[in-house]
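For reference, the structure discussed in these notes is given below.
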Amino acid sequence: MKRFLSAVLFFVALIAVWHFFLVLRPDKALLLSDPLAVWEYLVSATADGTLPAAAWVTMRRLLAGYFIGIIAGLPLGMLIARFKLMEDTLGVLALGLQTLPSVCWVPLAIIAFGYTEAAMLFVVVMGTLWSVMIATENGVRNVPPIYSRAARTMGARPFYTLLYVTLPASAPFVVSGMKQGWAFAWRSLMAAEIYVTILTGLGLGQLLNYGRDLHAMDQVIGVMLIIIVIGLLADKILFSPWERMLHRRWGTGKE
Amino acid sequence: MTLSEELQAASPAKLSIEEVSKNFRTERGSVLALDKVSLQIAEGDFVCLVGPSGCGKSTLLNIIAGLEFPDEGIVLMDGNEIREPGRDRMVMFQESALFPWLNVLGNVLFGLKLKPNLTYSERKDVARFYLKLVGLEKFTTANIHELSGGMKQRVALARALAPNPRVLLMDEPFSALDALTREQLYGDIQKIWAERKKTIVFVTHNVREAVCLGNRVVLFSPHPGRIREEFEIDLPRPRDINSVELASYSTRITRALKGYVHAEESE
């Protein structure tokens, strides 16, 4: 409760500073809308459905690309950790492409897929896949060999060992890789949405960019806030429970 | 299958190690870890393999477990060649090798899940039986990191016993524990051996520990790994590691061990 109160106080103070800055420097209102104006935008855009619709479009793209990235990245990461040939080929490729900022996929995606949902999906998958692959590989490599030896003496076959020993044993690495993949996917999607206007769906990034076109700073800042809130919620809902569970089981981290 | 039927289902096995050699290739050339080692282990025997590090005793244990394979020679269990790991030979490792993502009960259940013909509730009964045997029935839902070193090795023992193996292979299982915990476990392991009728092969570099536990103590010497001498330990059980009779045995064996190590150094 005390922690919650201090967080609330901090943000109230931050908004107050923001407001009084504009009272002192009204000339800056063209750049920075008043908190009240942002709030009014958020209320009206929620009421007329633009904001929820845009958030839904964005989340749909993000989740689809993210899950494709994970579903492909987990097994590929395991293969890289297991087979020398995969490590020397796919592993090097993954490492190289992971260093490429995912925004850099956008021009290629537009030319390859045009202004379509497929281009969006491609960018998000490229943002997620490589980091999930590398985190999985890293996780599998860090599993103490004694675990699989112990499992073998208990009668576990290789596939069973992979599924019930190697995978759970590498979970701490895999979860942090999935978290990183999420962050990359989120960033790349925002970049893509600002770049690419697609008629099949108006996402948060596009809403943000329209705000700039109209010079509606209340919209720009309002959408930015929503993007921040979604990022925070994803962290708290998607990852925190897992991480807490892992910390409790493994006895790592602080309580 | 009832719990009592399941507990009766296995009889101890006989092991024959015949002329087993094993080479390890390292950066500095090849090391002969085992050089034509032969050893007969009777049903229900408790044999301790003792020697300095590098004498091949752990390698021999891994070969019996089916985790490694001899370059020459053969290891038989009841006349059948050992080609792979199996639930009839369970291993207890130096580090507990418990799975941190499972709780205590989950760890003991792991080996049982792979055993056919048991329902889920029967498996749980078996796991609970062995956790009780090692004195941890109150800790079934504990996480592994919450346990002390001694408790971890007790869980590892319960996990190794749960699939009801015919042979129990122990690779310096108590070497990382404090003296007091170790002494308790010496008592436990002797009791379990007597009650559960297993053939036990126990690897250690601690001579007193070997004398306290084994019917026989087999002395290895390194470079190359060979069996030098065998000692029958004719002491009543349960044995106390601090007893005078036990000390006189271990003095004799330690002296023999030193002789082999020194002889090698002066060569």
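Data overview
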item: Of all residues in the range B:1-51 being of a type in the set (V, I, T) and part of a strand (DSSP E or B), the one that is farthest from B:V75 (Cα to Cα); result: B:T26
item: Looking only at the range B:74-124, and only at residues there that are polar (S, T, N, Q) and facing chain A (nearest Cβ under 10 Å), the one that is farthest from B:V134 (Cα to Cα); result: B:Q94
item: Among the residues listed as A:I221, A:I198, A:I230, the single one being under 22 Å from A:V123 (Cβ atoms), part of a helix (DSSP H, G or I) and away from chain B (no Cβ under 14 Å); result: A:I230
item: Residue satisfying condition, being away from chain B (no Cβ under 14 Å), in a helix (DSSP H, G or I) and either over 17 Å from A:F239 (Cβ atoms) or within 20 Å of the chain's Cα centre (by Cα) (or both), within set A:L189, A:L167; result: A:L189
item: Scope the range B:92-119; condition more than 19 Å from the chain's Cα centre (by Cα), among the β-branched types (V, I, T) and either crowded, with 22+ Cβ neighbours inside 10 Å or part of a helix (DSSP H, G or I) (or both); matching residues; result: B:V104
item: Members of the range B:60-83 that are surrounded by 20 or more Cβ atoms within 10 Å (Cβ to Cβ) and of a type in the set (V, I, T); result: B:I63, B:I64, B:V75, B:I82
item: Residue match in the range B:143-160 (condition: under 16 Å from B:K191 (Cα atoms), under 21 Å from the mean Cα position of the chain (by Cα) and within 11 Å of chain A (Cβ to nearest Cβ)); result: yes
item: Some residue of the range B:182-203 being in contact with a Gly (Cβ under 8 Å, 6 or more places away or on another chain) and at pLDDT 95 or above; result: yes
item: Qualifying positions in the range B:12-34 - buried (at least 17 other Cβ atoms within 10 Å of the Cβ) and closer than 9 Å to B:E72 by Cα; result: B:V20, B:S21, B:K22
item: Failed criterion for A:Y115 (all others in (1) away from chain B (no Cβ under 14 Å); (2) of a type outside the set (V, I, T); (3) assigned to a helix (DSSP H, G or I); (4) in contact (Cβ under 8 Å) with a residue 40 or more places away in the chain hold); result: (3)
item: Restricting the range A:150-160 to residues that are outside any loop (DSSP other than H, G, I, E, B) and surrounded by fewer than 19 Cβ atoms within 10 Å (Cβ to Cβ), the residue that is nearest to the other protein chains (Cβ to nearest Cβ); result: A:Y160
item: Near pairs, Cβ below 7 angstrom, 6+ apart or cross-chain, from the range A:64-87 (closer than 19 Å to A:W186 by Cα and modelled with pLDDT of 90 or more) to any residue that is of a type in the set (F, W, Y) and in a helix (DSSP H, G or I); result: A:Y66/A:W182
item: Residue in the range A:57-79 that is of a type in the set (A, V, I, L, M), in contact with a Gly (Cβ under 9 Å, 6 or more places away or on another chain) and farther than 30 Å from A:G139 by Cα present; result: yes
item: Matching residues, the range B:212-267, being of a type in the set (D, E) and either crowded, with 18+ Cβ neighbours inside 10 Å or part of a helix (DSSP H, G or I) (or both); result: B:E245, B:E264, B:E265
item: Residue count, the range A:41-91 (criterion: part of a helix (DSSP H, G or I), of a type in the set (D, E, K, R) and closer than 24 Å to A:E193 by Cα); result: 2
item: Residue identified as in contact (Cβ under 8 Å) with a residue 24 or more places away in the chain, surrounded by fewer than 18 Cβ atoms within 10 Å (Cβ to Cβ) and either touching a His at 6+ places or on another chain (Cβ under 9 Å) or among the aliphatic types (A, V, I, L, M) (or both) among A:V92, A:V123, A:V132, A:V103; result: A:V103
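Let's see how each residue does on (1) surrounded by fewer than 16 Cβ atoms within 10 Å (Cβ to Cβ); (2) farther than 26 Å from A:V106 by Cα; (3) not small (G, A, S):
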position: A:A169; (1), (2), (3): no, yes, no
position: A:V174; (1), (2), (3): no, yes, yes
position: A:W182; (1), (2), (3): no, no, yes
position: A:A191; (1), (2), (3): no, no, no
position: A:G203; (1), (2), (3): no, no, no
position: A:Q206; (1), (2), (3): no, no, yes
position: A:V220; (1), (2), (3): no, no, yes
position: A:V229; (1), (2), (3): yes, no, yes
position: A:D235; (1), (2), (3): yes, no, yes
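The values are calculated or read from the model by the stated rules, or taken from the named source; none is laboratory data. Because the structure is a prediction, the values reported are computed rather than measured. Every residue, glycine among them, receives a Cβ derived from its backbone with ideal geometry; neighbour counts consider all protein chains shown.
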